[in-house]
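Structure, as structure tokens:
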Amino acid sequence: MDATFMDRHPKLQDGLGMVIFVVGVVIGTLLLNTFVFQTFNVEGASMETTMYTGDRLIVNRLPVTGSKLQNKNYIPKRGQVIVFKNPNFNASTGKDEYIVKRVIAFAGERVTVKNGTVTVYNTENPDGFNPDTSVNKNEPGQPTSGDVDTTVPEGTIFVMGDHRQGSYSCDSRNCMGPIPLYDIVGPVSLRIFPFNKIRSF
């Protein structure tokens, strides 16, 4: 019985096997990053003291993927820390393409910042409530700077950094505005670096 071409060229067979393996790894990595999870580095002081520059985060992409499969926009939970595409991103200006902030309010809700305190008004809470003391585990720094009175538009969410004093955080209070739901990458699920500060969110 005649040997096949591959049998006569074992090095070629090994090389082809390696190429197929590498291509499979690359495709698998791309699929994982697109649909399952993604990693990001924190840059800047806007989320201190919850997160610091250099922290490495894992973002859960599965809720966004699931929503897209149902032809819906993913809506995070109030108080979640999320990563989203910067609506002001411009490669030529050097602004960060992706931003991490905390979810404060949803479409139709009224948000105010007065005397350093955040208050959210909705149908369930017509007299308003402070999300920092009720759902945010008192992680955001206090007080919150700014003078805000706005209603969140449809298809968007209102976000803030945790470093609320002065101009440390560019967010929905001041220079960023509301964030479109379609720009959300996903909720932060884990900080994996520094190793002595590993935690879930």
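We did not get these values from a lab; they are worked out from the coordinates using the rules stated. Quantities reported herein were computed from a predicted structural model and do not represent experimental measurements. As a convention, Cβ positions derive from the backbone with ideal geometry for all residues, glycine included, and neighbour counts pool all protein chains shown.
Of the trypsin sites (Lys or Arg not before Pro) found in region 96-200, those in coil by DSSP whose Cβ has at most 11 other Cβ atoms within 10 Å are Lys137. With 0.36 nm allotted per residue and the present C-alpha distance subtracted, the Leu62-Lys114 stretch has 15.1 nm of extension available.
Relative contact order for region 36-200 using alpha-carbon pairs under 8 Å, separation at least 6, rounded to a whole percent? Normalised by residue count, the contact order of region 36-200 is 29 percent. Out of every Cα-Cα pair that region 36-200 contains, those further apart than 27 angstrom amount to 21 percent.
Fully extending the segment from Asn88 to Ser167, taken as 0.36 nm per residue of separation minus the present Cα-Cα distance, adds 26.8 nm. For Tyr98 and Lys77, the difference between the fully extended length at 0.36 nm per residue and the C-alpha to C-alpha distance is 5.6 nm. Sequence-ordered 3J(HN,Hα) estimates for region 172-189 from the Karplus curve with 6.51, -1.76 and 1.60 and θ = phi - 60° stand at 5, 6, 10, 9, 10, x, x, 9, x, 4, 6, 8, 6, 7, x, x, 6, 9 Hz, glycine and proline given as x.
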